[in-house]
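A short write-up of the structure that comes next.
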Amino acid sequence: QKEVEQDPGPLSVPEGAIVSLNCTYSNSAFQYFMWYRQYSRKGPELLMYTYSSGNKEDGRFTAQVDKSSKYISLFIRDSQPSDSATYLCAMSEGQAGTALIFGKGTTLSVSS
Amino acid sequence: EAGVAQSPRYKIIEKRQSVAFWCNPISGHATLYWYQQILGQGPKLLIQFQNNGVVDDSQLPKDRFSAERLKGVDSTLKIQPAKLEDSAVYLCASRPTSGVHGTQYFGPGTRLTVL
């Protein structure tokens, strides 16, 4: 079993839809949870960051962490064609600078 | 603020040849990472530097891969000899000393094709 599991998709939705992206993990020592967005032929960029369990909202994006279920989610409201990208979940055990463990990424396509 | 620079952007080589990638992190970032991203996969850490010292190289195939970060700034990743399975995008990332944990700034990557 991989440390981080993520459905690669692809996921196709119409503009304005609510998108739900998810990851599960097996390492209970993970404390820091991130979502990175990667456009084609670009490097990943940090989208959302959450420490431990709970929710975090930033504009149209909401990140949720449920440590008891070892499950994290990213919700995108009012999706736009510009949201079309690959979304990578990433996690780390802690300590500043600790290496990140990434999921495979979910490819999202938002059609206008 | 200039981003992480990488070169070359693309490289095609024959198997058993050698290749080197270069990375210039964001100015002042003490931590530098090299990741390997195989098509359809997430990035996998190869090596992490703190200034010019190695923090984690546990997943670096040391029989063929080597990396250095002279003077704690630029870094070079080398593969010698290359194998077909080394075809991937090699991403360099850097991290500031302070700031949100997990924030890594990635370069555009070098896409390597081994024939």
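The values are calculated or read from the model by the stated rules, or taken from the named source; none is laboratory data. None of these values were measured; they are calculated from a predicted model. With ideal geometry, Cβ positions are generated from the backbone for all residues, glycine too; neighbour counts draw on all protein chains shown. Surface areas here come from the heavy atoms of the whole protein model, side chains and all, with no ligands, DNA or RNA. Shrake-Rupley method; radii C 1.70, N 1.55, O 1.52, S 1.80 Å.
Assorted remarks:
- Taking all Cα pairs closer than 8 Å and separated by 6 or more residues, the relative contact order of chain A comes to 37 percent.
- Largest to smallest accessible area among B:Leu84, B:Leu32 [probe 1.4 Å]: B:Leu84, B:Leu32
- In a simple Cβ point-charge model (Lys, Arg +1; Asp, Glu -1; nothing else charged), the protein assembly as shown has a dipole of about 580 debye relative to its Cα centre.
- Per-residue SASA entry for B:Val114, accessible area with 1.4 Å probe, Å² rounded to 10: 10
- Element breakdown for chain A at a 1.4 angstrom probe: carbon and sulfur atoms account for 45% of the accessible area.
- Once both labels are positioned 7 Å from their Cα atoms along Cα-to-Cβ, the gap between B:Leu84 and A:Asp58 label points is 4.1 nm.
- Surface accessible to a 1.4 Å probe, B:Leu60 within the full protein complex, Å²: 20
- Based on C-alpha pairs under 8 angstrom that are at least 6 apart in sequence, the stretch B:15-72 has a relative contact order of 24 percent.
- Loop-located trypsin sites (Lys or Arg not before Pro) across the stretch B:77-115 with a Cβ neighbour count of 15 or fewer within 10 Å are B:Lys83, with loop assigned by DSSP.
- Normalised contact order of the stretch B:1-47, rounded percent, pairs of Cα under 8 Å and 6 or more residues apart: 30
- In summary, the aspartates and glutamates within cross-link reach of A:Lys70, defined as a Cα separation below 19 angstrom excluding same-chain residues under 8 places away, comprise A:Glu3, A:Glu5, A:Asp7, A:Glu93.
- Under 17 Å from B:Lys78, Cα to Cα: lysines that are on another chain or at least 8 residues apart: B:Lys11, B:Lys15, B:Lys44, B:Lys62
- Only lysines eight or more places from A:Lys67 in sequence, or on another chain, were considered; those with a Cα closer than 18 Å are A:Lys2, A:Lys56.
- Average partner coverage of A:100-111, which counts Cβ from other chains inside 10 Å: 3
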